[in-house]
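The values are calculated or read from the model by the stated rules, or taken from the named source; none is laboratory data. Not measured: the values here are computed from a predicted model. Cβ placement follows ideal geometry from the backbone for every residue including glycine, while neighbour counts extend to all protein chains displayed. Side chains are part of the model used for accessible areas, which takes the heavy atoms of the whole protein and leaves out ligands, DNA and RNA. Shrake-Rupley method; radii C 1.70, N 1.55, O 1.52, S 1.80 Å.
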Amino acid sequence: MADTAPTSLARTETVHASRYLQQLAKHWSHKFEVRFTPTAATIDLPLGRCELTADDQALEVTLKGTPHVDMGRFQTVVAEHLQRFGYRETLTFDWRDANPA
């Protein structure tokens, strides 16, 4: 049976990607299952799984929602948290659907 969980991807340009990834992971590690390094994180939230990848130029975010999740809400929750950490710059998230047609 194929995985039917909705998946969204976004990439935001920032030279502080690793910092934001680690801040978000540490922030949510008090409440949720979190695994992270300076360049990758996996955070298991009630809405689904958030995977982050950081490099020198950008932060990539993959959201794998639970089967009946409101993906708009999931995207907003993650983006708003990251924007709080990146308040000195404008982080933009152009979410795109990653589910195969």
Alpha-carbon Debye profile of the chain, log10 I(q)/I(0) at 0.13 Å⁻¹: -0.41
Fully extended contour minus Cα-Cα distance, from D94 to Q57, at 0.36 nm per residue: 11.7 nm
Top positive-direction residue, dipole computed over the chain with Cβ charges, set A5, Q83, G65: Q83
Nearest 10 degrees, 0 to 90: helix 17-28 Cα axis against the chain principal axis: 60
Nitroxide proxy distance, nm - points 7 Å out along Cα→Cβ at E33 and H81: 1.5
0 to 90° range, to nearest 10: angle between helix 71-85 axis and the chain longest Cα axis: 10
A40 long-range amide H proximity, modeled H, under 5 Å: A54
Ordering of 89-97, 57-65 by packing [mean C-beta count within 10 Å, highest first]: 57-65, 89-97
Cβ crowding within 10 Å averaged over residues, with 6-13, 66-73 ranked highest first: 6-13, 66-73
Computed over the range 5-85: relative contact order in percent, which uses C-alpha pairs under 8 Å that are six or more apart: 35
The chain, accessible surface, carbon-and-sulfur percent (1.4 angstrom probe): 50
Cα-centred dipole magnitude for the chain, charges only on beta-carbon of K, R (+1) and D, E (-1), debye, nearest 20: 320
Shape category assigned to the range 1-52 from the gyration tensor of Cα positions, a/c cut at 1.5: oblate
For the chain: accessible area per residue (Å², 1.4 Å): 61
